[in-house]
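A.B. asks: Structure in structure tokens, see below.
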Amino acid sequence: VFTANVRNLSRMLDHYSHFNPSPLSVKQFIDFGRSANEVRSFEFLRKELPVRLANIMQEINLLPQNLLRMPSVHLVHNWYVKSFTEILEFEDLKSVDQKKLLEFCQTLVKIRNRHADVVPTMAKGVIELRESHPVDQTVEHRIHYFLDRFYMSRIGIRMLINQHTLLFGGQMNNTRHIGCIDPNCDVQSVVRDAYENAKFLCDQYYLTSPDIEVQEHNNLEPGLPIQIVYVPSHLYHTLFELFKNAMRAVVEHHGAAARDYPPIQVLIIRGKEDVTIKISDRGGGVTRSDMKNLFHYMYSTAPQPSLSDTDSAPLAGYGYGLPLSRLYARYLLGDLTLTSCEGYGTDAYVFLKAISEEANEMLPVFNHSSTRQYSSPLPTRDWVSHIGGSTSSHARARH
Ligand SMILES: O=S(=O)(c1ccc(O)cc1O)N1Cc2ccccc2C1
């Protein structure tokens with residue numbers, strides 16, 4: 001029985017991974033949510049969720065063997081196998097009744113809960129790998145490439161599950177929100193929420209915290225508040241991380257005893273294409289050599305204190321904060337960039353699509369080019385900056 005199931009699974013994975021995921025725009029999420037047709041949502045999801053799961057599961061199998069064998073990575077892979085199998089139960093249902101629709105919703109909730117701890121579990125897997133095998137630059141690059149795609153895929157899958165369960169899961173929708181989307185998301189409100197919560201943590205940890213100064217410039221509709229159709233929880237996640245970093249930088253740079261910290265300055269600008277949020281801190285900045293590691297998964301995962309001692313929880317989270325925050329910004333075609341003046345401070349820029357028709361999901365696709373990323377060597381170096389290094393000059397062979 002076991003081999004039959006494994007063979008059947010790989011056949012289904014092959015079948016569904018040959019379809020490309022179908023990215024939705026925020027506008028489509030809104031319009032679909034307003035029509036609120038549960039059967040059509042079910043018909044879409046029972047195909048799209050297996051497609052998205054299969055696309056990323058095929059990529060898990062391409063991971064460097066060492067990482068794949070780590071117990072935590074094995075565990076995450078088993079969660080995906082179980083969830084993929086459960087969704088396929090609804091694959092060829094002819095007629096669908098209320099009972100089946102309810103079952104489908106319950107299955108989605110079960111899957112969402114099963115995968116709740118994927119991020120810390122994968123982080124553990126990366127630490128297990130680093131502690132058990134030497135990790136060279138090529139492996140580090142492949143792991144970084146994979147995790148960006150793996151977490152982006154997870155953001156998209158959870159978005160689909162959340163929309164369906166919020167719209168049809170039974171809980172009354174007493175807000176204007178469509179699922180987890182706010183059609184009039186007031187950017188400054190989310191900024192202030194994220195600041196207040198980061199400030200609370202900072203005060204708890206350092207007994208002090210820098211103030212904030214916010215300026216808004218609406219160049220499209222001067223004087224009106226800057227609002228976008230967006231997922232508030234995604235924006236909050238990103239801003240909360242940036243405020244935690246900025247506060248930690250300012251307090252550590254000026255010393256916890258100082259009182260007159262330079263305030264964190266926030267600019268919110270509405271342009272034609274983007275809404276830009278700039279968060280400027282005078283926390284001393286970071287060297288360019290350290291800057292390149294800030295978005296890495298390997299370096300940012302320092303072995304974490306156990307989850308239990310939350311009272312001493314460090315200000316920055318898993319250290320996964322920046323790479324994940326950038327994925328949330330990029331998920332709907334925005335971005336997150338950092339510019340640092342070493343010795344003075346750092347500016348963080350969050351770019352968001354201002355037009356909901358342009359805010360499309362960005363999803364990884366499993367195909368021959370993504371596969372090549374896991375096998376081809378890093379490109380040959382076409383710049384030199386040090387004498388000697390890997391191949392000394394006179395010994396270089398011309399290929
Ligand atoms: O690297 S940073 O410039 C920095 C990085 C990201 C960000 O959002 C804000 C920042 O300011 N910065 C983080 C940090 C932490 C402790 C002590 C000093 C610093 C400096």
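What follows is calculated from the coordinates using simple rules that are stated; it is not laboratory data. Nothing here was measured: the structure is a model prediction, and the numbers come from that model. Note: ideal-geometry Cβ built from the backbone for every residue, glycine included; neighbour counts use all protein chains shown.
A.B. asks: Relative contact order of the stretch 236-290, please, whole-number percent, based on alpha carbon pairs below 8 angstrom and at least 6 residues apart.
C.D. replies: Reported relative contact order: 37 percent.
A.B. asks: Taking neighbour counts of Cβ atoms within 10 Å as a proxy for exposure, in what order, fewest first, do TRP383, TRP79 appear?
C.D. replies: Result, fewest neighbours first: TRP383, TRP79.
A.B. asks: State the Cα centre-to-centre distance between the stretch 76-115 and the stretch 214-291 in whole Å.
C.D. replies: The stretch 76-115 and the stretch 214-291 have Cα centres separated by 40 Å.
A.B. asks: Could you put LEU108, LEU207, LEU235 in order, starting from the residue whose Cβ has the fewest other Cβ atoms within 10 Å?
C.D. replies: LEU207, LEU108, LEU235
A.B. asks: Could you work out the longest stretch of the chain that avoids the trypsin sites (Lys or Arg not before Pro) located in DSSP loops with at most 14 other Cβ atoms within 10 Å?
C.D. replies: 1-93
A.B. asks: Let me know the shape class of the chain, please: from the alpha-carbon gyration tensor, a ≥ b ≥ c as square roots of the eigenvalues, rounded when a/c is under 1.5, otherwise prolate if a/b is greater than b/c, or oblate.
C.D. replies: Oblate, since a/c reaches 1.5 and b/c is not below a/b.
A.B. asks: Right, here's the next one. Please work out the C-alpha center-to-center distance from the stretch 121-141 to the stretch 12-43 and express it in whole Å.
C.D. replies: Cα centroid of the stretch 121-141 versus Cα centroid of the stretch 12-43: 34 Å apart.
A.B. asks: Here's a follow-up. Give the aspartates and glutamates whose C-alpha is closer than 19 Å to that of LYS353, dropping any in the same chain fewer than 8 places away, or say none.
C.D. replies: ASP31, ASP182, ASP186, GLU216, GLU221, GLU273, ASP274, ASP335, GLU361
A.B. asks: If the cut-off is a Cα-Cα distance under 20 Å, which lysines reach LYS199, setting aside same-chain residues fewer than 8 apart in sequence?
C.D. replies: The reachable lysines, counting only those whose Cα sits under 20 Å from LYS199, are LYS244, LYS278.
A.B. asks: Let me ask you something else. Run through the stretch 73-124 and list the GluC sites (Glu not before Pro) located in a DSSP loop whose Cβ has at most 16 other Cβ atoms within 10 Å.
C.D. replies: Listed in order of number, the matching sites are GLU91.
A.B. asks: Kindly list the residues of the stretch 206-225 that lie in the label zone of ASP260, defined by a backbone N under 20 Å from the point 7 Å along the Cα-to-C-beta vector.
C.D. replies: The answer is 208-213.
A.B. asks: If you place +1 on the Cβ of every Lys and Arg, -1 on the Cβ of every Asp and Glu, and leave all else neutral, what size is the dipole of the chain about its Cα centre, to the nearest 20 Debye?
C.D. replies: The calculation lands at about 1160 debye.
A.B. asks: In sequence order, what are the phi-derived ³J(HN,Hα) couplings for the stretch 129-144 according to the Karplus relation 6.51 cos²θ - 1.76 cosθ + 1.60 with θ = phi - 60°, rounded to whole Hz, with x for glycine and proline?
C.D. replies: In residue order, the calculated couplings are 5, 4, 7, 10, 9, x, 10, 8, 4, 5, 5, 4, 4, 5, 5, 5 Hz.
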